[in-house]
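One structure below.
The values are calculated or read from the model by the stated rules, or taken from the named source; none is laboratory data. Here the structure is a predicted model, which is why all the values come from computation and not from measurement. Here Cβ is always computed from backbone atoms with ideal geometry, including for glycine, and neighbour counts include all displayed protein chains. Heads up: the accessible areas ignore ligands, DNA and RNA and are worked out on the full protein's heavy atoms, side chains in. Shrake-Rupley method; radii C 1.70, N 1.55, O 1.52, S 1.80 Å.
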Amino acid sequence: MSGRHQIRIGQGWDVHRIVSGRPLIIGGITIPWDAGLEGHSDADVLSHAITDAILGAVGLGDIGMHFPDTDPRWKGADSLVFLRHVCELAGEAGYVVVNVDSTVILERPKLKDFRLPIRESLAKTMRVELGQVSVKFKTAERVGPVGEGKSAESQAVVLLERI
Ligand code: C5P
Ligand code: MG
């Protein structure tokens, strides 16, 4: 990916259904809860949104293009592997992450006590400083599928800078 600009912005969004018998993994951290997220990989909705934001910033397609959910290799995969890989792709294209801002929208459980470990996990995976990674949490105020506890969503934006 080229272009003459020094900075590039990317946006990502993801949703996963909440089901019993699955772990709830957010940003690589397993949250103690009696239900989790359904998906081909570990269904880490936050890592997927950030992964898509980085791919978007570099103009390299989307997560499904790089890690198809039909590929048995990615069954139960640790989504931090996806995130690390797209950071490496961005690096190869000549870009580093300036900062990431993200939101997880989940009715329950409360995630705020896990903010630091989630940020640490993402920063370590992306090989950036803790201060470059922001993670916010919101309920959906009991409205819609997220509010009814049927699903979890994440949104992310990322800024990249040419090295
Ligand atoms: O959605 P609401 O505005 O009521 O969320 C208030 C605060 O609750 C958020 O700013 C966040 O700190 C926290 N929260 C959380 N885990 C969630 C949803 C919200 O920790 N699943
Ligand atoms: Mg996903």
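Things to note:
- Odd one out for D34, checked against (1) assigned to a loop (DSSP other than H, G, I, E, B); (2) touching a strand residue (DSSP E or B) at 6+ places or on another chain (Cβ under 6 Å); (3) on the phi < 0 side of the Ramachandran plot: (2)
- Residue within region 128-145 that is open to solvent by 20 Å² or more (accessible area, probe 1.4 Å), over 14 Å from L159 (Cα atoms) and within 16 Å of ligand 2 (Cβ to nearest atom) present: yes
- Any hit, region 3-14, residues being buried (at least 22 other Cβ atoms within 10 Å of the Cβ) and within 16 Å of ligand 1 (Cβ to nearest atom): yes
- Whenever a residue of region 3-22 is in contact (Cβ under 8 Å) with a residue 60 or more places away in the chain and on the phi < 0 side of the Ramachandran plot, its partners that are open to solvent by 80 Å² or more (accessible area, probe 1.4 Å) and part of a loop (DSSP other than H, G, I, E, B), lying with C-beta atoms within less than 7 angstrom and at least six residues away or across chains, give the pairs H16/E38; R17/E38; R17/K150; I18/K150.
- Of the numbered criteria (1) at pLDDT below 95; (2) out of contact with any Ser or Thr (no Cβ under 8 Å at 6 or more places or on another chain), the one W74 fails is (2).
- Taken over region 70-102, the criterion of being in contact with a strand residue (DSSP E or B) (Cβ under 8 Å, 6 or more places away or on another chain), not in a helix (DSSP H, G or I) and not charged (D, E, K, R) is satisfied by G94, Y95, V96, V97, V98, N99, V100, S102.
- Cβ-Cβ contacts under 8 Å between residues 6 or more apart (or on different chains), taken from a first residue in region 98-120 that is without any contact (Cβ under 8 Å) to a residue 40 or more places away in the chain and open to solvent by 80 Å² or more (accessible area, probe 1.4 Å) to a second residue that is more than 6 Å from ligand 1 (Cβ to nearest atom) and assigned to a strand (DSSP E or B), are listed as R115/V135.
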